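One structure below.
The values are calculated or read from the model by the stated rules, or taken from the named source; none is laboratory data. On a predicted model such as this, the values are computed, not experimentally measured, just so you know. Backbone-built Cβ (ideal geometry, glycine too); neighbour counts: all protein chains shown. Keep in mind that these areas ignore ligands, DNA and RNA; they rest on the heavy atoms of the full protein, side chains included. Shrake-Rupley method; radii C 1.70, N 1.55, O 1.52, S 1.80 Å.
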Amino acid sequence: MARCLPFLFVLLVLLNLGMAILVMAAPSCGPIEANDEDRIQFALNLEFLEAEFFLYAALGKGLDSIEPSFAQGGPPPIGATKANLDPITNRIIEEFGYQEVGHLRAIIKTIGGFPRPLLNLSRDNFATIFDEAVGFKLRPPFNPYANSINYLLASYVIPYVGLVGYVGTIPSLVNFTSRSLVAGLLGVESGQDAVIRTLLYEKALLPVAPYGMTVADFTNKISKLRNELAMCGIKDEGLIVPIQLGAESRTESNILSANANSLSYSRTPPEILRIVYGSGNESKPGGFYPKGGNGRIARELLAKFKRF
């Protein structure tokens, strides 16, 4: 037995080294293998998130008060609450909330759904995200529900992720019904993101009280954080960019985020999970999804984390 101990020690070291290499390996940025149903169902995770965030902010109540059957018994969101919005912003966000209910219905009726995942829409979670974006603890902690500007900045964090997810999904879909559904979803998600970015751009140079940073500063830092978490290059840009990143390298305005040919960026499900989990790891839940997303794609990726 004594002679076996050195061998066992070396074996344990090699196993730990192998695990470390797996963890540190470059993330995948390429397409995944999945059928149409799994790809579209994956989007339900983000549609649930958007629906609850918009509905609670505008109405003070969520999906369980509007279409409770869609949640399929999933837990209510953590920390979602009515936001202190001006009347115009409240009307816009209320409409967005109803649109997300429609998106959930369209997906569930077409391919079926799954229970709403546990969502963390608390002030503390948003405060953590904004601290990570700016690189230090904001004082007081960022509160997305405090006023219209804060809420729009918090909204900047969410819909764009779904938009680029749909752009990444469409080329991999096989049948016409799937492509038609996702194209319709993408059209409205793009519109929501454009409205949010336009409302913020109108105030781009105004300081966000009491932090001394402008609206544009916050958007640039949030976009930078999302790029860092996804780890697949620049696919996200704030409202004001260096002129070489603007449309045709002729403008610093960036109301619609797009590539050099003004085409939308795209992301894969692993990239999206790295962002919304806030962990930079599609297999390590957290952020908006404390227990991870639902559906085959998200659950299989979570299973990898549990094995370690």
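Charged neighbours of residue 131, selected by a Cβ distance under 13 Å, balance to +2 (K, R count +1; D, E count -1).
If you fit an axis through the alpha-carbon atoms of helix 4-24 and take the longest principal axis of the Cα set of the chain, what angle between them do you get, 0 to 90°, nearest 10? On a 0 to 90 degree scale, this one is about 20. With all protein chains kept in place, the per residue accessible area of the stretch 36-306 amounts to 40 square angstrom at a probe of 1.4 angstrom. Computed over the stretch 36-306, relative contact order equals 19 percent, with contacts defined as Cα pairs under 8 Å that lie 6+ residues apart. A simple charge model with +1 on the Cβ of Lys and Arg, -1 on the Cβ of Asp and Glu and nothing else charged puts the dipole of the chain at about 860 debye relative to its Cα centre. The modelled label-to-label distance between residue 300 and residue 180, using points 7 Å beyond Cα along the C-beta direction, is 2.8 nm. Within the listed set 87, 115, 141, the Gaussian network model of the chain (springs between alpha-carbon atoms below 10 Å) gives the highest mean-square fluctuation for 87. Between residue 213 and 208, the built amide H atoms are under 5 Å apart, and every one of these is 5 or more places off in sequence or on another chain.
For the stretch 36-306, the carbon plus sulfur part of the accessible surface works out to 57%, probe radius 1.4 Å. A 1.4 Å probe over all protein chains sorts 111, 234 by accessible area into 234, 111, starting with the largest. Pairs of Lys residues in the chain that lie 8 or more places apart, or on two chains, and have C-alpha atoms under 20 angstrom apart add up to 11.
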